[in-house]
Amino acid sequence: MANSTRDNRRMNRTTSRQARSSGSRRGARSDSRQRSTQGQSRRGTLTRPDTGYSLRTRRVRREPGGAGVLSFLLRPRVLIFILILVVVAVVMVVGISSCIRRSHESTSQKIEETKPKNEQDERVAAGVSAALTSKFTEELDSADTLSTIAKNADQYEDTRLLELALAEPSSRDFIAAYPKSDKSSRPYDESVKRGEVPQLFTWDEHWGAVTYGNGPLAITGSGPTALAMAYMGLTGKTDFSPTEIAQQASKANYADGDSGSKGEMFSKLPTTMGLSANEYDAAADTLSTSLGDSTVIAAEVKEGTLTNSAHWVLVVNVNADGSVTVFDPTSTAVSSRPWDPSTIAEASTKFYAISPSKDTASSLEKEDAASSSSSRSDTSTSTSSSGTSSSSSSSSTTSTETQS
């Protein structure tokens with residue numbers, strides 16, 4: 001029994017040793033397989049000492065060449081560097097340009113300083129005659145004024161003033177001042193001589209801003225201005241300017257029609273001014289036979305004839321060649337040249353021959369006689385004084401000779 005027990009213990013120990021040996025061999029084979037697997041995973045890589053950590057491989061992805069450059073340029077530091085270079089380049093270009101410009105300006109200034117100047121107007125070249133310089137000055141000043149009008153064009157309720165400024169350079173000073181004017185008039189203070197018709201224009205600063213009809217007299221006042229010219233030339237007086245005539249015409253409801261004034265203003269209003277008026281059909285013969293030293297003719301001209309609009313003009317005399325002189329209060333161009341009587345007749349609807357009334361003519365003759373008598377008296381007194389002075393001088397000379 002005891003022997004049987006010892007045999008069993010011996011068999012158990014043997015079995016245990018075999019199991020441990022078998023396990024060791026299996027472990028060795030497992031370790032061998034793991035090392036083999038790790039060796040396979042490290043193929044194509046550098047052999048490194050076993051540190052106990054497993055290494056993972058990662059395949060590097062190569063970008064195309066252009067994308068690599070772009071990636072490099074888009075780096076913040078590279079962008080900042082490029083921006084600095086651009087700024088430096090711009091500053092250098094601006095600085096060089098500024099130096100060149102200052103040098104050019106300095107050279108130009110020196111040339112201008114040494115260049116001869118026109119003492120009358122520096123805007124005109126030296127050596128130009130005084131007469132031509134004066135004309136250039138007028139045109140240059142007028143252009144500057146037109147520029148001012150254009151900048152303030154929104155201040156004109158009546159756009160006909162702007163059209164006038166474009167058509168008539170001589171009207172520009174008045175039109176430029178119009179927005180700030182008080183729209184009033186002032187007395188006409190120019191001197192006139194009987195027998196010489198003054199040339200007046202609607203845009204004169206004395207009356208151009210006064211309201212007449214549907215606008216300022218500068219636009220609508222050809223009738224009052226033409227009648228004022230007739231009155232001043234026939235009487236030599238200025239108490240009836242376009243302002244006074246426009247006021248009377250407005251009260252009588254004559255401020256109407258395509259021409260700005262009705263024909264009744266020329267057939268009826270002159271009688272209140274010491275004048276007389278006769279109405280005629282527009283004919284060339286009427287101009288030739290009716291015009292004279294004491295008669296002028298007001299004519300209503302149609303639209304699109306002498307100018308673009310219908311208005312009133314004054315025919316003042318017949319010239320030696322048979323042409324007639326026309327004073328157009330709305331146009332310097334019309335007033336600056338002679339006209340064939342037939343052209344004026346064809347352009348007109350009616351003629352109104354205006355002359356001093358009998359009473360006015362008699363009064364003017366008396367004034368002329370008194371003026372002539374006064375002139376002769378002054379001449380006689382002057383002659384007498386001269387004779388007395390000569391006599392005194394002669395006596396003085398004789399006395400001096402006697403004493404000698």
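The values are calculated or read from the model by the stated rules, or taken from the named source; none is laboratory data. Worth saying up front: this structure is predicted, and the values here are computed from it rather than measured. Reconstructed Cβ throughout: ideal geometry from the backbone, glycine too, with neighbour counts over all protein chains shown.
See the values below:
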quantity: Residues of the range 193-226 that turn out to be among the aliphatic types (A, V, I, L, M), assigned to a helix (DSSP H, G or I) and touching a residue at least 40 places away in the same chain (Cβ under 8 Å), as a count; calculated: 3
quantity: Tally, over the range 302-353, of residues that are of a type in the set (S, T, N, Q) and over 28 Å from the mean Cα position of the chain (by Cα); calculated: 9
quantity: Glu303 vs. criteria among the charged types (D, E, K, R), closer than 26 Å to Asp359 by Cα and either assigned to a loop (DSSP other than H, G, I, E, B) or assigned by TED's automatic domain parsing to the domain that holds Ala209 (or both); calculated: no
quantity: Residues satisfying the stated conditions in the range 290-305, i.e. over 26 Å from Lys193 (Cα atoms) and buried (at least 24 other Cβ atoms within 10 Å of the Cβ); calculated: Val301
quantity: Filter result for the condition that a residue is among the hydrophobic types (A, V, I, L, M, F, W, C) and either closer than 30 Å to Pro329 by Cα or in the same structural domain as Pro216 (by TED's automatic domain parsing) (or both), over Leu83, Leu132, Leu74; calculated: Leu132
quantity: Residue count for the range 113-152, restricted to those that are assigned to a loop (DSSP other than H, G, I, E, B) and acidic (Asp, Glu); calculated: 3
quantity: Filter result for Val326 (modelled with pLDDT of 95 or more, surrounded by 10 or more Cβ atoms within 10 Å (Cβ to Cβ) and part of a strand (DSSP E or B)); calculated: yes
quantity: Matching option when the condition is closer than 16 Å to Ser276 by Cα, among the hydrophobic types (A, V, I, L, M, F, W, C) and crowded, with 24+ Cβ neighbours inside 10 Å, among Ala246, Ala226, Ala218; calculated: Ala226
quantity: Tabulated pairs, the range 135-146, first under 17 Å from Ala177 (Cα atoms), second of a type in the set (Ser, Thr, Tyr), C-beta under 6 angstrom, 6+ apart or interchain; calculated: none
quantity: Any hit, the range 129-137, residues being farther than 30 Å from Phe174 by Cβ and hydroxyl-bearing (Ser, Thr, Tyr); calculated: no
